[in-house]
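> Okay, here's the structure, questions in a sec.
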Amino acid sequence: MWGSGIGAAAMPWSDTHFPRSMAHLPAPVRAKAIEIANALLAQGYEEGRAIRIAIAQAARWAGAHGTEPLPREGPRR
């Protein structure tokens, strides 16, 4: 992953380059998660932690703005 390792500069994400863990998010929620993750990286957060926080905060943002935070799953079997 980008920015891995001690002293490595973190590379910000974009709508075309983002962590695989954000691929399942709807586009507006992913965009918000990318924005949050990039801000956290700029503040010195570790990449994995920034990703987890960004996804959680983007899901909360989506709920507050009437956007579906995660795709609905089909019926469980």
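The values are calculated or read from the model by the stated rules, or taken from the named source; none is laboratory data. Quick caveat, the model's predicted, so the values are computed rather than measured. Cβ sites come from the backbone with ideal geometry, for glycine too, and all protein chains shown count toward neighbours.
> With the requirement that a residue be of a type in the set (A, V, I, L, M, F, W, C) and outside any loop (DSSP other than H, G, I, E, B), what does region 11-31 give you?
M22, A27, V29, A31
> Another question, then. Being on the phi > 0 side of the Ramachandran plot and modelled with pLDDT of 95 or more is the filter here, so list the residues in region 22-68 that pass it.
The one that is on the phi > 0 side of the Ramachandran plot and modelled with pLDDT of 95 or more: G44.
> If you check every pair at least six apart or on different chains, which have Cβ atoms under 8 Å apart with a residue in region 32-54 that is in a loop (DSSP other than H, G, I, E, B) first and a residue that is not aromatic (F, W, Y) second?
Y45/I53
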